[in-house]
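Only the coordinates and a few stated rules stand behind these numbers; no lab work does. Computed from a predicted model, the values in this text were never measured in an experiment. FYI the Cβ positions are ideal-geometry reconstructions off the backbone, even for glycines, and counts take in every protein chain you see.
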């Protein structure tokens with residue numbers, strides 16, 4: 001490595017990123033009894049629908065191997081945002097594509113977040129914390145409490161605003177807790193954002209995986225909020241298209257202009273087959289989306305019953321997503337030690353601190369695996385919990 005490279009300042013990564021890196025490394029291994037069951041996976045349990053895959057094939061066969069200079073996908077996204085989210089966004093100036101919602105968040109933070117700015121974010125949470133620290137901004141954690149089903153409390157938001165606060169991050173449905181923000185709470189949060197002149201980042205990637213108890217509300221659709229909100233979304237989860245990497249950010253032109261600049265500096269365009277697959281996903285049949293959510297609901301009920309039958313573990317049915325946020329307080333072990341024991345039993349779950357300081361005492365599970373793997377994975381998890389309790393009692 002050159003001397004110049006050694007002088008490049010590297011921002012301190014959060015504990016959640018360090019834990020995530022360790023999980024990634026461990027997940028590629030095996031345990032003595034065979035393959036590890038990934039019972040905390042964020043990859044959907046289905047392949048993309050036929051018409052989506054056919055659109056990608058058709059694009060390749062038609063010679064679509066160049067930069068994309070068309071606006072079909074942006075127009076389809078604008079239609080979706082207007083119909084599903086009550087957000088009217090310009091398909092050209094108001095939408096910036098990305099290689100997945102992760103990159104959409106990164107592009108938005110790179111364009112808008114300054115060093116030293118305070119960023120309000122829920123904890124436990126996902127991705128906003130790392131992006132805040134990479135920008136050398138200051139994360140200010142808002143506790144997501146179990147007694148509120150891990151939904152943001154407007155009172156907690158208000159209490160953490162200071163003269164240095166510039167941004168507020170919302171994830172709904174939330175990964176990892178599965179919480180969906182209630183409209184009445186979002187109305188109060190919107191009033192706080194307007195009164196303190198905050199820019200809001202709203203990650204709504206899991207919007208389509210909603211179990212119906214709390215309808216989805218996009219905060220940008222509320223009075224006075226469009227001009228200060230960047231909405232993040234994509235096709236990875238609801239349409240089971242993680243491998244295509246199609247995401248976007250949308251919002252008012254004055255906030256999107258610098259994000260456009262970052263996108264074109266680093267990407268030029270997303271891949272042509274993915275682009276046309278995205279058009280097909282949004283404009284084609286939507287049956288697979290609703291059917292997938294129904295299947296997740298059934299599998300989630302199974303997973304919840306099996307987890308709650310394990311002494312030391314406790315969880316509740318989520319509002320949305322395919323994640324189950326389980327307390328391991330009854331094992332008397334911390335989440336890192338517990339997941340290490342679980343790994344030894346051949347089941348991988350995600351330690352709560354991988355999602356920030358608010359994740360202490362929890363693990364994230366997922367109902368995406370096949371039902372036979374959920375059955376076997378929870379048996380291994382039960383053995384891990386028994387070992388954890390035995391270990392803690394020594």
Helix 50-61: angle to the longest alpha-carbon principal axis of the chain, degrees 0 to 90, nearest 10?
50 degrees
Suppose the Debye formula is applied to equal point scatterers at every Cα of the stretch 282-348; what is log10 I(q)/I(0) at q = 0.13, 0.17, 0.25 Å⁻¹?
-0.49, -0.71, -1.13
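Please work out how much length the chain gains when fully extended from residue 317 to residue 70, using 0.36 nm per residue of separation minus the C-alpha to C-alpha distance, in nm with one decimal. Before the final figure, lay out the partial values.
On the way: separation 247, 0.36 × 247 = 88.92 nm, distance 4.25 nm.
Working it through step by step, the gained length comes to 84.7 nm.
Can you sort 50, 72 from fewest to most other Cβ atoms within 10 Å of each residue's own Cβ?
50, 72
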Dividing the alpha-carbon radius of gyration of the stretch 184-265 by 2.2 N^0.38 Å (N being the number of residues), what value is obtained?
1.21
Of 242, 65, 165, how do they rank once you tally other Cβ atoms within 10 Å and put the fewest first?
65, 242, 165
In terms of the Cα gyration tensor, with a ≥ b ≥ c the square roots of its eigenvalues, is the stretch 50-283 rounded because a/c is under 1.5, prolate because a/b exceeds b/c, or oblate?
prolate
In degrees, nearest 10, range 0 to 90: what is the angle between the Cα axis of helix 253-266 and the longest Cα principal axis of the chain?
70 degrees
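Translational diffusion coefficient, Stokes-Einstein: compute it for the stretch 193-314 using the Kirkwood radius over C-alpha pairs as Rh, at 25 °C and 0.890 mPa s, and state it as an integer in µm² s⁻¹.
Working: Rh = 17.2 Å.
Calculated translational D: 143 µm²/s.
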Label-point separation (nm) for residue 164 and residue 290, each offset 7 Å from Cα along Cα-to-Cβ?
5.0 nm
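Over all directions, how big on average is the projection of the convex hull of the alpha-carbon atoms in the stretch 144-232, in square nanometres?
Working: hull surface 22.1 nm².
It is 5.5 nm².
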Just how far, in whole angstrom, is the stretch 256-295 from the stretch 154-216 if you go by their alpha carbon centroids?
24 Å
Sorting 363, 138, 89 on the 10 Å Cβ count, fewest up front, what's the list?
138, 89, 363
0 to 90° range, to nearest 10: angle between helix 335-344 axis and the chain longest Cα axis
70 degrees
